[in-house]
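Here is the structure we will look at, set down as structure tokens.
FYI, it's all coordinate maths here, none of it is from the lab. Since we're looking at a predicted model, the values are computed, not measured. Methodologically, a virtual Cβ is constructed for each residue, glycine included, from the backbone with ideal geometry; neighbour enumeration extends over all protein chains shown.
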Amino acid sequence: MNLVKKIFAAIAIVAVTVSAQAQNPMSPYSKYGYGILNDNATSAQRAMGGVGYAMSSGRQINAMNPASYAAIDSLTFLFDMGLTTTALWSKEGNTSGKDFGGGLDYITMQFPITKYLGGSIGLVPLSSVGYSFGSKVDNGTSLRQGSGGLNQLYFGLGVRPFTGLTLGANIGYLFGTTINDSYVTTSAGSTTLFERVIEVRDYRLQFGIQYALPINGRDKLTAGVTYTPGKTLLGHTWGIKYDVNADTDGSGAAVPDTVGYTSLKGKYSLPETWGIGLNYVWNEKLMVEADFTYQPWKNADFDLNKEFNESTEFNNRWKFALGAQLTPRARGNYAQRVNYRLGGFYSNDYIKVRGNNVREYGLTMGFGLPAPGSKTVINLGFEWRHRQANPMPLIKENYFSVTLGVNFNELWFYQSKIR
């Protein structure tokens, strides 16, 4: 199969997976803003704390920095997809709960175009919303529920203009819908639904650069930087109000009242994103990377419908991540060829809850397991993550995730030449 057919087949695979995104566990923190954010790390990168800005490999796809696409061998096609299952334990005061979620996390592919130019296509999540909780109000009860999220379908190119330097860019199509519902039930038994919908249809750009400096022949130091411009979002938002118990049109069902239908432009935006990383490879066996991410969310717009009397306050988001990978001997026995991974991260989230910052930290580990008789690698990762507000603890959340990724490595051009 030639290059064009392979790429179109890859695009088709991405398209049919749009509706199969992972369903994350219910978290009340996802009620705010666009939900819980995702940094586009693959299963291998997640096992190393989510690092990747300075990572460059001809055997692993790195959508965190498009400059890395130029590292692919001119005979190689890569395909990587990941599945995640997550358990969540939450506690607020004396009340505790648990929830589970999972599904397809991402799907990416990478291919050579010329000796110095590589490309990548993929579907990755940008944010996720999922929560359900209730509370007592004057003369009744309130139930809040949310679902949805934003995704990104991207195409990127990476080029190596000269030895050591690579440049890259992604263009992504942002799409998705977030739904936030509030049910208010009075002591008399009547229930009113207030629903807020945000629908995004827009594009997004990302630029990256990497520079690798060889040291002592077998060691290498690589620096990487990425920049994603901030932008106002395109799409629409609206609110819906209706009495669940009412019969206002004679059909036995309530007639919804749509309010505040408006464009997102000028009212909702995403901030710019800076990422910087430093990667060191020792003796072609040990790789260590440190990353820093910064997003000035205080400058972002998020204009909620005034009809719902809600407000959202943002914080500038930052994240430190540290990860390592050890491959004892690339051509040794099976245990020596396994990639052993370890990492951790600490971040200040972009949302504020009742004036409190939300902090998150976690530890990760995993393995890259070579499939016998092929260059395919099974990436198995484990992650423990803790999230809570500060200084008031509010809701404490502990996550445990298991990620399974499959990284296919095919010498497709070579095969086509010998047939």
| query | To the nearest Å, what is the center-to-center distance of the range 216-231 and the range 46-100, using C-alpha atoms only? | reply | 17
| How far apart, in nm, are two points set 7 Å out from the Cα along the Cα-to-Cβ line at residue 376 and at residue 329? | 2.7
| field | Distance violations [Cα-Cα > 19 Å] among 31/98; 31/265; 352/396; 265/319; 231/352 | value | 31/265; 265/319; 231/352
| field | Sorted peptide list for 106-113, 236-243, 389-396, criterion being average Cβ within 10 angstrom, highest first | value | 106-113, 236-243, 389-396
| request: For residue 369 paired with residue 400, estimate the spin-label separation in nm (one decimal), with each label point 7 Å from Cα along the Cα-to-Cβ line. | output: 1.9
| note | Each label sits 7 Å from Cα toward the beta-carbon; between residue 85 and residue 100 the label points are separated, in nm, by 0.7
| query | Can you work out D for the range 148-189 in µm² s⁻¹ from Stokes-Einstein, where Rh is the Kirkwood radius over C-alpha pairs, the temperature is 25 °C and the viscosity is 0.890 mPa s? | reply | 167
| note | By the C-alpha gyration tensor axes a ≥ b ≥ c (rounded if a/c is under 1.5, else prolate when a/b exceeds b/c, else oblate), the shape of the range 76-179 is prolate
| note | Given 295-301, 159-165, 32-38, the highest-first ranking by average Cβ count within 10 Å works out to 32-38, 295-301, 159-165
| remark: Counting only backbone N atoms under 20 Å from a point 7 Å out along Cα-to-Cβ of residue 340, the residues of the range 262-298 in range are 280-290
| Convex hull projection area averaged over all views, the range 303-404, Cα basis, nm² | 9.3
| query | Restricting attention to the alpha-carbon atoms of the range 3-418, what are Rg (one decimal) and Dmax (integer), both in Å? | reply | 23.1, 82
| remark: FRET efficiency (residue 284, residue 232; Cβ distance; R0 41 Å; to 0.05) is 0.35
